[in-house]
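A.B. asks: Once you've had a glance at the structure underneath, I'll fire off some questions.
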Amino acid sequence: MSDVPTRGPETAGSEPLLKLSGLEQVFDTGKGEVPAVGGVDLEVRPGKVLCLVGESGCGKTTTARAAAGLTKPTGGTVAFRGKDVSRMSSAERLAYRRAVQFIHQDPYAALNPTRTVFSTLTAGLRRHKQVRSKAEAREKAGELLRLVDLTPPESYLDSYPHQLSGGQRQRVNVARSLAMNPELLICDESTSMLDVSIRVSLLNTLGKLRDELDVGFLFITHDLAVAKYFAWDGEIAVMYLGKVVEHGPTPEVIGNPQHPYTKALIGAVCEPDPDLARANRAASELRSADIPSLTALPSGCAFHPRCPAYEPGLCDDAEPPLIRFGGRPAAPGAAGGRRLACHVVSRDHGRSPSDDPAESALGSGSPRGAAWSA
Ligand SMILES: Nc1ncnc2c1ncn2[C@@H]1O[C@H](COP(=O)(O)OP(=O)(O)O)[C@@H](O)[C@H]1O
Ligand SMILES: [Mg+2]
């Protein structure tokens, strides 16, 4: 292969690429202050996937945009390879902006309709004088297309976006970001507009970039089946109203969820087995379907007005901190640990959580089981 992306797996498991510490984003609006992200601590390592899940409006995109340097957080820090982004020199910042690429939800809106695939893929390379001739540029563009499984490249190089399917357009977007030799891809619902079979195929391509090029992923989805499929070897962080409420290795979070909100999310996934579907629904019945407004957050735990485990005096008093849960130690964001923000579960935790396994709609088995709905 070429000199386009060239990192080996030896960096896997090393220092975090991305570290969010106490990240806050408050928007000043006509209706008052909107605390879209209220103190998030997360890390992504090379070749690893951190999946952010949660209902619409919980702050996933806001977190992702701050992580990509597209917005300046109002509190906390974003660090890339140990360096606070807000304190970077302009050269460091340029390197960070190249190393961290953001892939949007809508592949059509992200592409210039008047540019061919070749022009889109090589604009950055030509601007930064990384190619010397048109022939070299076509060669590079071809390599990028092969990386995202658009082959043979000659069939695509001279196409315009309207001549491509949604899945092909999203692959072109990914290829364009790979031209910058990224270390971290931030995918914001990047597969959610695609048909199911195309979605699985693109997820497999992204998985190849993760495994072979050691690219780290901050992968955002509202679809737990997609999270399970893509982040099985990684971690899931569940967000609710701007905060992480549960975080840990994917098999643990999906197979044995602890937070009542995580249980509700999992219970809401379509389950083909009617008995299991009934059991999941019963286990996760919410007291209210309404999501509170960010401008009038409930006291104590923000989930308490909807929570089936709500206990007056406990849950509506102080906000539950996101703390270590289960037997293994966990630094914030560290792989292998589990963190949870729930007064009730933490109090009852004297019992081992494995005494009470919540068999979920997604099951605790192999991620391939989720492929039907991914
Ligand atoms: N630029 C903005 N100005 C004001 N409010 C915003 C802005 N961007 C996002 N929000 C609000 O912040 C909250 C989180 O939004 P977002 O991060 O897009 O959530 P998600 O991606 O999880 O759906 C929402 O209530 C949204 O309305
Ligand atoms: Mg969003």
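The values are calculated or read from the model by the stated rules, or taken from the named source; none is laboratory data. All of these numbers come straight from a predicted model, not from anything done at the bench. For neighbour counting, all protein chains shown are included, and Cβ atoms are generated from backbone atoms with ideal geometry for every residue, glycine included. The area values use the complete protein model at the heavy-atom level, side chains included, leaving out ligands, DNA and RNA. Shrake-Rupley method; radii C 1.70, N 1.55, O 1.52, S 1.80 Å.
A.B. asks: Just a yes or no: is a residue in region 151-160 β-branched (Val, Ile, Thr) and either crowded, with 19+ Cβ neighbours inside 10 Å or assigned to a helix (DSSP H, G or I) (or both)? Full working, then the answer.
C.D. replies: Filtering region 151-160 down to residues β-branched (Val, Ile, Thr) leaves 151.
This time we only want the ones that are either crowded, with 19+ Cβ neighbours inside 10 Å or assigned to a helix (DSSP H, G or I) (or both), so: none.
The answer is no; no qualifying residue exists.
A.B. asks: How many residues does region 15-58 hold that are under 12 Å from the mean Cα position of the chain (by Cα) and assigned to a strand (DSSP E or B)?
C.D. replies: The first filter runs over region 15-58 and keeps only residues under 12 Å from the mean Cα position of the chain (by Cα), leaving 42-44, 48-54.
Now restrict to residues that are assigned to a strand (DSSP E or B): 42-44, 49-53.
So the count comes out to 8.
A.B. asks: Checking the structure you have, find out if any residue of region 104-111 is more than 16 Å from ligand 2 (Cβ to nearest atom), open to solvent by 20 Å² or more (accessible area, probe 1.4 Å) and at pLDDT below 95. Before the answer, list the steps.
C.D. replies: Kept after step one, since they are more than 16 Å from ligand 2 (Cβ to nearest atom), are these residues of region 104-111: 108, 111.
With open to solvent by 20 Å² or more (accessible area, probe 1.4 Å) added as a condition, the list becomes 108.
Pick out the ones that are also at pLDDT below 95 and you get 108.
Yes: region 104-111 contains one or more residues that are more than 16 Å from ligand 2 (Cβ to nearest atom), open to solvent by 20 Å² or more (accessible area, probe 1.4 Å) and at pLDDT below 95.
A.B. asks: Next question. Have a look at Gly124, Gly47, Gly142 and point out the one that is surrounded by fewer than 16 Cβ atoms within 10 Å (Cβ to Cβ) and either among the polar types (S, T, N, Q) or away from ligand 1 (no atom under 16 Å from the Cβ) (or both). Quick ask: steps written out before the conclusion?
C.D. replies: Working: Gly47 fails: surrounded by fewer than 16 Cβ atoms within 10 Å (Cβ to Cβ); Gly142 fails: surrounded by fewer than 16 Cβ atoms within 10 Å (Cβ to Cβ).
Unique residue meeting the criteria: Gly124.
A.B. asks: Could you list all residues from region 59-93 that are away from ligand 1 (no atom under 12 Å from the Cβ), open to solvent by 40 Å² or more (accessible area, probe 1.4 Å), in a loop (DSSP other than H, G, I, E, B) and farther than 17 Å from Ile186 by Cβ?
C.D. replies: Passing the criteria: Gly82, Ser89.
A.B. asks: Does Leu203 count as open to solvent by less than 10 Å² (accessible area, probe 1.4 Å), out of contact with any Gly (no Cβ under 6 Å at 6 or more places or on another chain) and at pLDDT 95 or above?
C.D. replies: On the way: open to solvent by less than 10 Å² (accessible area, probe 1.4 Å): yes; out of contact with any Gly (no Cβ under 6 Å at 6 or more places or on another chain): yes; at pLDDT 95 or above: no.
No; evaluated as a whole, the condition is false for this residue.
A.B. asks: Confirm whether Ile186 is of a type in the set (Val, Ile, Thr), modelled with pLDDT of 95 or more and either in a helix (DSSP H, G or I) or out of contact with any Pro (no Cβ under 7 Å at 6 or more places or on another chain) (or both).
C.D. replies: Numbers: of a type in the set (Val, Ile, Thr): yes; modelled with pLDDT of 95 or more: yes; either in a helix (DSSP H, G or I) or out of contact with any Pro (no Cβ under 7 Å at 6 or more places or on another chain) (or both): yes.
Yes.
A.B. asks: What strands (runs of 3 or more DSSP E) completely inside region 205-273 contain at least 3 residues that are away from ligand 2 (no atom under 16 Å from the Cβ)? Break it down stepwise before answering.
C.D. replies: Working: elements: 216-220, 235-240, 243-249.
So the answer is 243-249.
A.B. asks: I would also like to ask the following. Could you check region 215-233 and list, in sequence order, the residues that are of a type outside the set (Phe, Trp, Tyr) and open to solvent by 10 Å² or more (accessible area, probe 1.4 Å)? Don't jump to the end; show me each part of the working.
C.D. replies: Step one: filter region 215-233 for residues of a type outside the set (Phe, Trp, Tyr), giving 215-216, 218, 220-228, 231, 233.
Those that are of a type outside the set (Phe, Trp, Tyr) and open to solvent by 10 Å² or more (accessible area, probe 1.4 Å): His222, Asp223, Leu224, Asp233.
A.B. asks: Also: What tally of residues in region 211-229 results from selecting those that are more than 30 Å from Val344 (Cβ to Cβ) and either out of contact with any strand residue (DSSP E or B) (no Cβ under 6 Å at 6 or more places or on another chain) or small (Gly, Ala, Ser) (or both)?
C.D. replies: Residues in region 211-229 being more than 30 Å from Val344 (Cβ to Cβ) and either out of contact with any strand residue (DSSP E or B) (no Cβ under 6 Å at 6 or more places or on another chain) or small (Gly, Ala, Ser) (or both): 6 in total.
A.B. asks: With respect to Ser133, determine if the residue is more than 16 Å from ligand 2 (Cβ to nearest atom), of a type outside the set (A, V, I, L, M) and out of contact with any Cys (no Cβ under 9 Å at 6 or more places or on another chain).
C.D. replies: Numbers: more than 16 Å from ligand 2 (Cβ to nearest atom): yes; of a type outside the set (A, V, I, L, M): yes; out of contact with any Cys (no Cβ under 9 Å at 6 or more places or on another chain): yes.
The answer is yes for Ser133.
A.B. asks: Here's a check for you: in region 15-29, which residue that is closer than 12 Å to Gly242 by Cβ and surrounded by fewer than 24 Cβ atoms within 10 Å (Cβ to Cβ) is farthest from ligand 1 (Cβ to nearest atom)? Please lay out each step first, then the result.
C.D. replies: First, the residues of region 15-29 that are closer than 12 Å to Gly242 by Cβ: 23-27.
Those still in the list that are surrounded by fewer than 24 Cβ atoms within 10 Å (Cβ to Cβ) too: 24-27.
Working: Glu24: 12, Gln25: 8, Val26: 9, Phe27: 3 Å.
By that ranking, first place goes to Glu24.
Matching residues to (1) away from ligand 2 (no atom under 16 Å from the Cβ); (2) in contact (Cβ under 8 Å) with a residue 60 or more places away in the chain; (3) part of a helix (DSSP H, G or I):
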position	(1), (2), (3)
Ala141	yes, no, yes
Arg171	yes, no, yes
Val174	yes, yes, yes
Pro182	yes, yes, no
Leu202	yes, no, yes
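A.B. asks: Right, another one. Within region 182-200, work out how many residues are on the phi < 0 side of the Ramachandran plot, within 15 Å of ligand 1 (Cβ to nearest atom), open to solvent by 10 Å² or more (accessible area, probe 1.4 Å) and not aliphatic (A, V, I, L, M).
C.D. replies: Result for region 182-200: 2.
A.B. asks: Moving on to the next point. Within region 30-44, which residues are in contact (Cβ under 8 Å) with a residue 12 or more places away in the chain and within 10 Å of ligand 1 (Cβ to nearest atom)? Write out each step before concluding.
C.D. replies: First pass over region 30-44, keeping only residues in contact (Cβ under 8 Å) with a residue 12 or more places away in the chain: 31-44.
Of everything in region 30-44, those that are in contact (Cβ under 8 Å) with a residue 12 or more places away in the chain and within 10 Å of ligand 1 (Cβ to nearest atom) turn out to be Lys31, Glu33, Val34, Pro35, Ala36, Val37.
A.B. asks: Of all residues in region 94-112, count the ones that are away from ligand 1 (no atom under 16 Å from the Cβ) and free of Cβ contacts under 8 Å to residues at least 24 places away in the same chain.
C.D. replies: Matching residues across region 94-112 total 2.
A.B. asks: On to the next question. Given Ala341, Ala335, Ala330, which one is touching a strand residue (DSSP E or B) at 6+ places or on another chain (Cβ under 8 Å) and at pLDDT 95 or above?
C.D. replies: Details: Ala335 fails: at pLDDT 95 or above; Ala330 fails: at pLDDT 95 or above.
Checking each option against the conditions leaves just Ala341.
A.B. asks: Let me ask something additional. Quick one: in region 282-300, of everything that is small (Gly, Ala, Ser) and assigned to a helix (DSSP H, G or I), which residue is modelled with the highest pLDDT?
C.D. replies: Only one residue fits best here, namely Ala296.
A.B. asks: Determine which single condition Ser56 fails, assuming it passes every other condition in (1) surrounded by fewer than 17 Cβ atoms within 10 Å (Cβ to Cβ); (2) among the small types (Gly, Ala, Ser); (3) modelled with pLDDT of 95 or more; (4) within 15 Å of ligand 1 (Cβ to nearest atom).
C.D. replies: Condition not satisfied by Ser56: (3).
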